[in-house]
Structures are given as C-alpha cells and as structure tokens.
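All remarks here apply to the structure that follows.
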Amino acid sequence: MATFNISRLKWLLPAVCLLSIGWMFVSLWQLHHTIEEFNSPMVFNLQFNVAVCSFFLSTFLCFKVYIGLFKKNSNISTLLWDVFYSATFAILASLLVKSMLLYFLSSTIWTLKVWNLFEFVIYTFFIANCFFSIKKLILYQKTNRTIILWIIFELSVFASILTSFFLFKYNSLPFVLFTLPLTLLGLYLSFNVKWAAFLNFHQKLVALLLLIISFGILSGLFLDIYEQHMISGMSIDAINNAFLMAISAFVLLNISISILVLLFSLPTSSVFEQKFGEVMLFQKLHQSIQLGETEKEIHKALLESCCDSALATGGWLEMTDTNGRITSFENSGIDHIDAFNFKNLLRKNHIKITSEPQYIKDVKALSHLQKINTNRYKSLLLLPLLSGQHRLGTLVLLKDKVNAFDKEMVDMIITFMSQAAIAIQNSRLMGQALETERYREELKIAKQVQERLLPDVPHYSSDIEIAVLTGGATDVGGDYYDFYKDKAGDITVVLGDVSGHGTSAAFNMAQTKGIFQSLVQLNLDPIDFLRYANTALSRCFEKSTFLTLIVIKINPKEKTLQIARAGHCLPLFYANKQPYYVESKGTGLGVVRGKDYASFIECKVLSYAAGDSLLLYTDGIIESSNKQGELFGTDRLKNVFINYKEQKANSLLEKIFQETKAFSGKNEPEDDSTLLLLKFV
C-alpha cells in the first residue's frame, strides 16, 4: 500500500499566500470602483459591503499565511522589530501620499476619496501585521489552554468580518455588543506575556522603546482615521466598522499591557540575571566534576565561580595537605606578591583560619598596611574549605569597596564551597583503590559532608509541625530535602531523589541544593520553579541521570497548599479524617530536555485545616521488598499511617520505618529512604 508523503504539500502554503495576495488586489479594485458610485457610509450597498468584507478577509488571510510561513522561527526581538517596521512604513507612506495629494491635486472631493481609501488600506495592513505578530508572542511558551483560546479568538475574528454588512455607529448599543466579546477575550489573551521574562535588561529596554513608538504611530493613524470620520460624505468610515475597531482595541491593549509589564519588570531584570548566572556557575563547576577533570582544574573552576558570583576584585585559593603544607595555589585578579603580603598582614593581626568564615569589612582598620594596596582592596572575606572536620584549603576574596560582602553573597559562596568540598574529596578518593579500608573511611567523611548540606528541621510556625527521618544506604546517596520561608510568610518544602547511588548521586544532590537556593529566592510558583530547575539540570546532568522532585508551597494565611511533582512519589494527604494520595501528572527533571517541560507537569491546590497531615517520601520506602520479592507498596504505607496517625510527627515516622524494616526483614534499607511529614495543628 502506498504511503502518503506530506512533504509533497510544501508548495501549498506559498500557493495559498499568492492566491490571497491576488484575491486582496481584486478586492481592492472592486472596492475602488464601488466607491465611485457610493458616497454615503451609512446607506446599505450590497456590492460595497461585499467588497469591504472580501478585502478584510483576503488581507488577514494573506498576513496569516505570510507570517506563519516566513516568520515561524522568528525570535521575540524579530517580532517586535517587525511591528515597528510595519508601523514606520504605515506612517511614512501615509505622510508621503497625503503630502503628494495635497501638493499636486489640492483639496478636492476626489482627493479626499483617494486619501480615504489609501489610509484605510494602510491601516488595515498595519493592523493585520500587528495582529499575527502579536499572535506569535502570545503563543510563546504556550499551553493547551492558551492554544484553544487563541483558536476560538482567531475564528471569532474572521467571523466578525461579516459585521461589515451591518450599518452600526460606533456609539450605538449593537456596535458595543459586537465588539465587546472580542475585546474582552483579546484582553484576557493579552496578559499572556511570558516572553518578557526571557529578555535581559538591554533587550527589555529595546523592546520597550519599539513598543512605545509603535503605540504612538498606531494612535496617530487612528486619529487620522477619526478625523476622516468627522468629515461627512466619506465612503469608507473605519470608525463605524465593528470588526476593525475590535482588532484595533486588541492591538492597542496588547501593546499597552506589554509596555507596562516590561516597564515594571525592568528593576528586577538585573537580579534575575544575577540569580540565573549563579545557577550557570553551579553548572560550570558541576560539569568540571562530571567530565573527570583533575583536582587542579576543579580548584580553578571553584575560584572562578566564587569570584564571578561575588563580583570580587581578586582572590586566591590555596589547598593544603593533612600537615598544613600548601599543595596547590590558584589566584585571580591579584598577583602572588600581593597575595603573600595579605597573608603576612593576616598573620601579623593574629587572624587565624578557623572552621568559620571571617569577614574584614574595612582593610584600612588593620595595622601593618605598608605593603598593601588599600585603594584597590578594601574588604576581605576568608573562607575555609572543609570536608568534615578536615580543612582542605582556604579561599580568600577581595573587593574594592568597604563592607562589600552581604549575607546572601556569603551564603551562596559557602554553598559553592560545600559542593566543591564533596567534589575535591571524592576526586581524591576516586584515585585510590576502592577495596581499601582507607577509601571506606574517606567515603564516610564524604557522606558527613553531604549530610551537612541537608538543613536542620525548622520551626516556622506553631500551626505547622515538620518532621524528617532518613535511613540511607551505607554510602553517599541522592535523597535531598530543603525548606525556605519568604518575607510574605509562605513556606516552600522540597523532597527529591536523584537516580542512581553512590558518589554520582551525591554530586547531583549537591547540584540540586545549589539550584534550589538560587531559584527559591525568586519567589516563583511551583510550575515555574520546576521549569527553570529542569533547564538548569538538563545542561549538567548526564542523559542517563534524572531527578524526581516534589515542591510544596504553603500559604499559612490562606491555609492552602500548592503541590507540583516532577515524577516523584504521590504525596499522602490526610484531610477530613480520610487519607488519600494526591494524583497529578509529572515528569522527572532531566528527562524532558526542552522548553515545553511545563506541559508535562501540573500544580494541585489544596486547602488544609487543623488536624490534617501531608506525608512525603522517597521510593526507598514503598520499594522495600521481603524475601518473596513482594514490595511494601502504597497500600501498606497508607494503613500504617492510619494506625499511628494520632502520634506525634517524629513518632509516626519512626513507626513507618519500623514497619518497613519488619516487612523486609533487613536492618539496613536497600535504597536511600526519606520521610517528611507536615502536620497542621
């Protein structure tokens, strides 16, 4: 049986475009001839109205096919420049033709008719181009809901062309009834300006300027058309055309909303770029680990990442052995002599390296400054690089301003160094024999370092009791949990599980913490949080590696939960004295490596009350197996929860662990196992 080759239809769209152009010129010719015999816009004339409808339909169809065919891969900047170019062409063409008509033909009835028709055509071209360019912007980062609404809107737009057969005045009730639904639906779609978030500060400034100019030109054209409306006897009165005014309102509203969004997002652009840059630095450091680079290359990557993140003027990293002897030295923005002078300065001022960061806000306040350039270096941050209780080295960062290191910056650098400590320590361990006792001892140290990345269980509110219990395998693993409370009082809780075991999972777990710390401060909703995290992790994870993660955002004021899961185990929610698993679609981070990841996840919003509970867990719990190969499963987990639900949070988690151990008959779990319970009191 012969197969159908869709590539044979590639000629169809250009053919439709050419036919539409031909149809448009025929309609324009018909419109020109009917104007000669028709002077009053408020008297019904079938031939005239058919010509107007035919011109509208052919023009919009032509621009739809043209933009869909030749602009389908256009980026945001190209689309905005497209709108600007068409606006500029429209205003220049209008001014040129108007000047020529007035200069050569003076002000006659025929001149006014020609000008009336010409400006009507130019305005329609401009509106049609804007309409389909805006379509591409609205459908940027599209969802199924947005696509369906746009299809309804576009079909309604084409259907509304038929309103040209009716003689409505712009201030009449029927005119409002025809234009209002289109305007409201267009207004709703206009708020879909996700594309603005993907522009940097410079691009937003350019986009803002282009839109403001385009808005001004559109307003000027509209005023010219309104002036024509005020002149009696004009055959084409665009102001009284319901279709054209509805599309004009849509374009004006969309450009206005885009201008406001860009204007109000400008102050936060630099912050967002900085945070995203920090995520990229985490990736760079993590990639140097995964690519099997030498320890010296990891040292260099760590120093560069910390200097870039802190915007430091200079700095150095020196690594030491167990006896305190320097084994490696990396410097950036400062030469060896200045670094040596600073080390002498610290020693003379009795500043010793401890396990805690040390911050000198003003270098000039120290004594013995003879050989120090205090104009270039004014504040100093000293950070030890620790693995457990063992100091691997020391990082020193310098800035050219007094008191230039804030707490957030220091926390970020400490997270860098915690990740690097694992990388460096495990890089050393990998070079040794895996069967030796020494390697096993060092691996325990790496596990201790990893456990330091997991936070203590916080006490945010007397209304919310949080408990966590972990039971990992013997080596380092990939289970990860974290908490964050923003200024508004909302609490974000995450629990994740990196695929695989051992040091590879530990590295990826440390990377996950760095990305969480960067993104959670942006106050994103769970869907956007997972989308950005997926973009970051996809660039550094191997293709065979992924992460399951569940994000819970708690609003204590409204007593609501936002739950989004990236392929993680279903949470068990106990509400109204009934336990049930909250089901939602979700795909692991790093599985789908594309811009449409948001379509693979969804966010559930639940309300909670006093007495309710939410249990999160990793698959090590439900995949515990007995000697017969039977899994513990979700049903047994639910039954255990029901039996011990009245106990305190920590006791309840211990009971669940005891039941899984009793079921499997093993003292140690086969996989990393973590339980996290939220009890609302």
Which number in (1) part of a loop (DSSP other than H, G, I, E, B); (2) at pLDDT 85 or above; (3) not polar (S, T, N, Q) marks the one condition that G315 misses? (1)
Pairing a residue in the stretch 535-553 that is assigned by TED's automatic domain parsing to the domain that holds K604 and under 14 Å from L519 (Cβ atoms) with any residue that is surrounded by fewer than 22 Cβ atoms within 10 Å (Cβ to Cβ) and of a type in the set (D, E), where Cβ atoms lie under 8 Å and the two sit 6 or more apart in sequence or on different chains, gives K553/D490; K553/D525
Can you find a residue that is within 30 Å of S462 (Cβ to Cβ) and of a type in the set (A, V, I, L, M) anywhere in the stretch 618-639? yes
Given the residues R376, R391, which is the only one that is assigned to a strand (DSSP E or B) and touching a residue at least 40 places away in the same chain (Cβ under 8 Å)? R391
Among the residues of the stretch 609-628, which ones are modelled with pLDDT of 90 or more, part of a strand (DSSP E or B) and surrounded by fewer than 22 Cβ atoms within 10 Å (Cβ to Cβ)? S613
Please verify whether the stretch 528-539 includes one or more residues that are within 23 Å of L677 (Cα to Cα) and modelled with pLDDT of 90 or more. yes
Is it fair to say E451 is modelled with pLDDT under 70 and either outside any loop (DSSP other than H, G, I, E, B) or under 37 Å from the mean Cα position of the chain (by Cα) (or both)? no
Kindly evaluate I334 against the criterion of being part of a loop (DSSP other than H, G, I, E, B) and either surrounded by 18 or more Cβ atoms within 10 Å (Cβ to Cβ) or not assigned by TED's automatic domain parsing to the domain that holds S305 (or both). yes
Any chance the stretch 82-104 includes a residue that's outside any helix (DSSP H, G or I) and either at pLDDT 80 or above or surrounded by 14 or more Cβ atoms within 10 Å (Cβ to Cβ) (or both)? no
Checking the condition surrounded by 18 or more Cβ atoms within 10 Å (Cβ to Cβ), part of a strand (DSSP E or B) and either over 38 Å from the mean Cα position of the chain (by Cα) or modelled with pLDDT of 90 or more (or both), which residue from L653, L637, L676, L606 passes? L676
Within the stretch 569-592, can one find any residue that is of a type in the set (D, E, K, R), surrounded by fewer than 17 Cβ atoms within 10 Å (Cβ to Cβ), more than 26 Å from G500 (Cβ to Cβ) and at pLDDT below 90? yes
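The values are calculated or read from the model by the stated rules, or taken from the named source; none is laboratory data. Bear in mind that the values here come from a model prediction, so they are computed numbers and not experimental data. So basically every Cβ, Gly included, is an ideal-geometry build from the backbone, and we count neighbours across all protein chains shown.
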